[in-house]
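Only one structure is covered here, and it is reproduced in the block below.
The values are calculated or read from the model by the stated rules, or taken from the named source; none is laboratory data. The structure presented is a predicted model; accordingly, all values stated were derived computationally and were not measured. Note that we place each Cβ from the backbone using ideal geometry, even for glycine, and neighbour counts take in every protein chain shown.
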Amino acid sequence: MKAIIPVAGEGTRLRPHTHTTPKPLLRVAGKPILGHILDDIVQLGIGEVVLIVGYRGSEIVDYVRSNYDLKVSFAEQTERLGLGHAVFLSREHVGDHPIFIMLGDTIFRGDLKGMLSTGGNVIGVKRVEDPRRFGIVEIENDRIVSLVEKPDSPKSNLAVAGVYVIRDSSSLFDALQELITSGERTKGEFQLTDALNRMINRGAEIRAFEVEGWYDCGKPETLLETNRVLLEIYSPKTEVAGNIIIDPVHIAEDAEVFSSIVGPHVSIAGGSVVRKSIVRNSIIGENAIVEDALLESSLIGDNAVVRGMFKRLNVGDSSEIDFS
C-alpha cells in the first residue's frame, strides 16, 4: 500500500503565515501539521508516500527528506484543479498498488489501523451538524450508495472526513481520467467524490468507517481548535521554574519563559522567548519574542516580536508589534 498526501494548496485563509511558510509546515501542538500526518503513516506501517506538491513545494520536500526515513515520491500540481486532479497526478507513482489517501491540512484521530484492516475500499466519515459544508455520503447496509460534494439539501449528516482506503486504485484512476478528459467539474474543480461515485455506479463496493476525530487546520480558528484538542491528548505535565504553567501546553526545550503565566492550550516553538506575559490558547512560532503582553487566541509567526498589549493577534513571520 502507498500513501497519497495532497499538499499543493496556498493556504490563503491562513495568511499572513502562509506568505512565508507552506500550510502543511505550520505548527500545531509542537509539530508541523504534516509531521502529525506522517507520524500516523509510519505507525500504520506504510513505507512509501506520494506527496502532491505545489505552493512552496521545495520546502515541503526538504522537510520530509530531512525528518523521515520513508520512500517518498513527489508530483507537482501546477494548477489547483481540485482534489480529484491532485490524486490523479500520483498515478505514475502508484501503479496498481492499493492507496491510502490523507488530506494534507487535516489531522485524524481514531482507529486508522482498524480502518485498514477491514479490507476492501473504505472512506472515513464523521457525523456533522451542518452537512452542507462537506462532501456527504449516503449509506445502505453500511455500503456507500452515493457521494455528493457540499449538497444544498443533504440527505445525510455523514461527512467525508478526508481519509480513504482504495484497494482498487486502477478503477479510481480510470474514473478520474474520464472526469479530466471530459472536463466534468463540480463547483469548478475535479472532485474525488465524483470519481468515487463513478466507481460505485459501476458496481464497486465502498464502505463507510466512522472516525473519532477529524481536525481541520485550514483557518486560524480551526488551527487553534486543533492545537487545543491535540494538547489535551498528548501533552504531559509541564513545569518551568519561576512561571505559572497551566496545562496542557507544549514548550519546546530550547524556548525560554520568564515570569509569565502560560496556558492552558499554548504551544511555544523552539528559540522563542516569552517574558513577563500572560499567554493562553495561542501558538507562538520559532524564534519569536513576546514581552510584557497578554495574548489570547493568537497566532504569532516565526521571528515575530510582540511587546506590551492586551489583544488578539494574527501576526505573520518577521513582524514587529510594539504597544509599549
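Identify the single condition in (1) crowded, with 16+ Cβ neighbours inside 10 Å; (2) modelled with pLDDT under 90 that Ala75 does not satisfy, given that it satisfies every other one.
Exception for Ala75: condition (2).
Do we find that Ile41 is of a type outside the set (Ser, Thr, Tyr), outside any loop (DSSP other than H, G, I, E, B) and at pLDDT 90 or above in this structure? Please lay out each step first, then the result.
On the way: of a type outside the set (Ser, Thr, Tyr): yes; outside any loop (DSSP other than H, G, I, E, B): yes; at pLDDT 90 or above: yes.
So Ile41 fits the description; yes.
I need the full set of residues from the stretch 191-211 which are more than 22 Å from Leu81 (Cα to Cα) and in contact (Cβ under 8 Å) with a residue 24 or more places away in the chain, in order please.
Ile200, Arg202, Ala204, Glu205, Ile206, Arg207, Ala208, Phe209, Glu210, Val211
For the stretch 207-218, which positions are touching a Phe, Trp or Tyr at 6+ places or on another chain (Cβ under 9 Å) and not in a loop (DSSP other than H, G, I, E, B)?
Scanning the stretch 207-218 gives Gly213, Trp214, Tyr215.
Please state which of the following conditions Leu147 fails to meet, knowing it meets all the rest: (1) buried (at least 18 other Cβ atoms within 10 Å of the Cβ); (2) within 20 Å of the chain's Cα centre (by Cα); (3) modelled with pLDDT under 85.
(2)
Applying the selection to the stretch 284-300, what residues are surrounded by fewer than 23 Cβ atoms within 10 Å (Cβ to Cβ), closer than 18 Å to Gly270 by Cβ and aliphatic (A, V, I, L, M)?
Ile289
Among residues belonging to the stretch 219-239 that are outside any loop (DSSP other than H, G, I, E, B) and touching a His at 6+ places or on another chain (Cβ under 6 Å), point out the one that is nearest to Leu299 (Cα to Cα). Step through it out loud before you land on a result.
Filtering the stretch 219-239 for residues outside any loop (DSSP other than H, G, I, E, B) gives 220-234.
Restricting the remaining residues to those that are touching a His at 6+ places or on another chain (Cβ under 6 Å) gives 228, 231.
Details: Arg228: 13, Leu231: 16 Å.
Restricting to residues being outside any loop (DSSP other than H, G, I, E, B) and touching a His at 6+ places or on another chain (Cβ under 6 Å), the top hit is Arg228.
Quick one: which residue in Thr18, Thr78 is β-branched (Val, Ile, Thr), assigned to a helix (DSSP H, G or I) and in the same structural domain as Gly119 (by TED's automatic domain parsing)?
Residue meeting the stated conditions: Thr18.
Just one of the numbered conditions (1) closer than 28 Å to Leu26 by Cβ; (2) in a loop (DSSP other than H, G, I, E, B) is not true of Gly242; which one?
In the conditions (1) closer than 28 Å to Leu26 by Cβ; (2) in a loop (DSSP other than H, G, I, E, B), Gly242 misses (1) alone.
Filter the stretch 135-190 down to residues that are without any contact (Cβ under 8 Å) to a residue 60 or more places away in the chain and hydroxyl-bearing (Ser, Thr, Tyr) and give me whichever is nearest to Gly82 (Cα to Cα).
Looking at residues that are without any contact (Cβ under 8 Å) to a residue 60 or more places away in the chain and hydroxyl-bearing (Ser, Thr, Tyr), I get Thr186.
Of all residues being assigned to a helix (DSSP H, G or I) and touching a residue at least 40 places away in the same chain (Cβ under 8 Å) in the stretch 92-132, which is surrounded by the most Cβ atoms within 10 Å (Cβ to Cβ)? Just the residue, please.
Among those residues, the one meeting the criterion is Val94.
Can you pull out every residue in the stretch 165-192 that is of a type in the set (S, T, N, Q) and either farther than 15 Å from Leu147 by Cα or loosely packed, with under 13 Cβ neighbours inside 10 Å (or both)?
Those that are of a type in the set (S, T, N, Q) and either farther than 15 Å from Leu147 by Cα or loosely packed, with under 13 Cβ neighbours inside 10 Å (or both): Ser169, Ser170, Ser171, Gln177, Thr181, Ser182.
Answer yes or no as to whether Asn201 is in the same structural domain as Pro22 (by TED's automatic domain parsing) and among the polar types (S, T, N, Q).
yes
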